[in-house]
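The values are calculated or read from the model by the stated rules, or taken from the named source; none is laboratory data. Values in this document were obtained by computation on a predicted structure and should not be read as measured data. Note: ideal-geometry Cβ built from the backbone for every residue, glycine included; neighbour counts use all protein chains shown.
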């Protein structure tokens, strides 16, 4: 059975979470007290371990496109000077995981281990790591490397690195020569720069989706500087959409939800939306024309965008974060209203840290349903059928 959580409160103290033993050749007996994270060890400076590993790691993935998820063993690289080793506790299931595994965009690298919403406990650090100590909690989002020197990286936009961002899974891995493996696994090694600090006391189960769904919707809200009383429409109320509603409502914007699911109307209002409509009903409502300062589309499939463009005010923007193809745009209508069609993809590392701190300070969490690894396939099918309220999170603390 899965556990359903509507997260309005913080989780229990992370020290109460039982963890499996960490075993890695080369760490030695001296590191053992640190790995178990007792109070005395956490009060001491982190022990630096260089050259430990590589780490054989249990994971859940597929060996053929749209194949069955099954346990497998993958290799995590040896710990480098600037690396952090995380024992993964929770991993969210993003709709893009489903698209990747099913080959909707392109054939995935095989074997494929998805997952880019990762929260874990630091169990070892490299000799030059300064941001983390053993026993801290860290998060990994959608990327694990970039060139660090291009104009985009220098502007804290590593997600659009000119020389190629290394994404958390299914991306060319310059370290191994293969491709990256994601968070449906027991541990991961990531460069310190790409690990996000998780504040003590944060709800760990509900933090994982913030590393993708949270930053993906926070970034455009921040970039277009949503202000109190401005009118914001959110198209789609899934994993991304429900975070967009919560984040915009927290800015005291007037939020309207446009959904295809009747059963989500009440949920949208409960999250802070002042109004919610079915798409087909909204299109027929003249009061919604020329109404919104910003529209955020979280739709992951192709859709007709022109009806939503007509809902924009003069000099306003429709931003597509769901990566669904926006069809049927009328250039003349855009020009007449000086309306903009834009896209946005996650956020840089600094901005991702910002949204984590922002959500922690304001107790903004996604609604999650916690599952075990052997429920991944069933969860994928439920995502496809829109039967999730509103994000699945895999519990990797006691995998079976």
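Of note:
- Residues in segment 166-177 that are in a loop (DSSP other than H, G, I, E, B) and either in the same structural domain as residue 242 (by TED's automatic domain parsing) or out of contact with any helix residue (DSSP H, G or I) (no Cβ under 8 Å at 6 or more places or on another chain) (or both): 168, 171, 173, 174, 175, 176, 177.
- For the residues 254, 203, 225, the requirement of being within 23 Å of residue 347 (Cα to Cα), more than 19 Å from the chain's Cα centre (by Cα) and modelled with pLDDT of 95 or more singles out 225.
- Any hit, segment 371-382, residues being under 26 Å from residue 159 (Cα atoms) and touching a residue at least 40 places away in the same chain (Cβ under 8 Å): yes
- Pairs linking a residue in segment 221-233 that is in contact (Cβ under 8 Å) with a residue 60 or more places away in the chain to a residue that is in a helix (DSSP H, G or I), with Cβ atoms under 7 Å and 6 or more positions apart or on different chains, are 221/247; 221/248; 226/248; 232/248.
- Residue check for residue 137: within 26 Å of residue 68 (Cβ to Cβ) and under 19 Å from the mean Cα position of the chain (by Cα): no
- Top-ranked residue of segment 121-134 - restricted to ones that are under 23 Å from the mean Cα position of the chain (by Cα) and surrounded by 21 or more Cβ atoms within 10 Å (Cβ to Cβ), ranked as nearest to residue 191 (Cα to Cα): 122
- Residue in segment 178-199 that is assigned by TED's automatic domain parsing to the domain that holds residue 61, modelled with pLDDT under 95 and more than 21 Å from residue 276 (Cβ to Cβ) present: yes
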